[in-house]
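Participant: Sharing a structure with you now.
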Amino acid sequence: MNYEQCPIMQTLEVIGGKWKPIVLHYLEEGPRRSGELGRLIPQASGKMLTQQLRELERDGVIERKVYQQVPPKVEYLLTPLGESLRPVMAAMCAWGDRRLEDARR
């Protein structure tokens, strides 16, 4: 099986990246503004967060909604494709919880 045909690689092409899964996790709760995401993920630089958001938008996982008002308001939200990642994200959370529990023993 080559790279393009590997399902795991296809998934990682979209959600792979240091901050993408965290962004998706927070967007599962509802639309968020970029500043709010920045506060929720303070370890991510503004530049890196913007890059990750653009890539998720490019891949059709999130939508950038711009409100025509002063000051400008921009929100990010999951698209139907992004919503379809909920089981993947839930599995990642469950695995991480088990690993944390094992580490505490």
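A short reminder: the numbers here are calculations on the coordinates, not readings from a lab. Nothing here was measured: the structure is a model prediction, and the numbers come from that model. Every residue, glycine as well, gets a Cβ built from its backbone with ideal geometry; the counts of neighbours run over all protein chains shown.
Participant: Y76: hydroxyl-bearing (S, T, Y), surrounded by 10 or more Cβ atoms within 10 Å (Cβ to Cβ) and outside any helix (DSSP H, G or I), yes or no? Reasoning before the result, please.
Facilitator: Details: hydroxyl-bearing (S, T, Y): yes; surrounded by 10 or more Cβ atoms within 10 Å (Cβ to Cβ): yes; outside any helix (DSSP H, G or I): yes.
Yes: the conditions hold for Y76.
Participant: Considering each residue of region 30-39, count those that are surrounded by 14 or more Cβ atoms within 10 Å (Cβ to Cβ) and either among the aromatic types (F, W, Y) or part of a helix (DSSP H, G or I) (or both), and give that number.
Facilitator: 3
Participant: Sticking with this one: So which residues in region 23-33 are in contact with a helix residue (DSSP H, G or I) (Cβ under 8 Å, 6 or more places away or on another chain) and either without any contact (Cβ under 8 Å) to a residue 60 or more places away in the chain or under 14 Å from R54 (Cβ atoms) (or both), if there are any at all?
Facilitator: Applying the first criterion (in contact with a helix residue (DSSP H, G or I) (Cβ under 8 Å, 6 or more places away or on another chain)) to region 23-33 yields 23-28, 32.
Matches in region 23-33: V23, Y26, L27, R32.
Participant: Ok, one more. Take the conditions more than 15 Å from the chain's Cα centre (by Cα) and of a type outside the set (D, E, K, R) and apply them to V66. Does it pass?
Facilitator: yes
Participant: Another question, then. Go through region 59-84 and give me each residue that's out of contact with any strand residue (DSSP E or B) (no Cβ under 6 Å at 6 or more places or on another chain) and closer than 17 Å to K18 by Cα.
Facilitator: Within region 59-84, D59, V61 meet the criteria.
Participant: Can you name every residue in region 1-21 that is surrounded by 12 or more Cβ atoms within 10 Å (Cβ to Cβ), more than 17 Å from L81 (Cβ to Cβ) and out of contact with any Leu (no Cβ under 8 Å at 6 or more places or on another chain)?
Facilitator: Selection gives C6, M9.
Participant: Considering each residue of region 48-73, count those that are in contact (Cβ under 8 Å) with a residue 40 or more places away in the chain and surrounded by fewer than 13 Cβ atoms within 10 Å (Cβ to Cβ), and give that number.
Facilitator: Total satisfying the criteria: 1.
Participant: Right, another one. Would you mind finding the one in V88, V23 that is in a helix (DSSP H, G or I), out of contact with any Pro (no Cβ under 8 Å at 6 or more places or on another chain) and under 20 Å from P7 (Cβ atoms)? Break it down stepwise before answering.
Facilitator: Numbers: V23 fails: under 20 Å from P7 (Cβ atoms).
From the options V88, V23, the qualifying one is V88.
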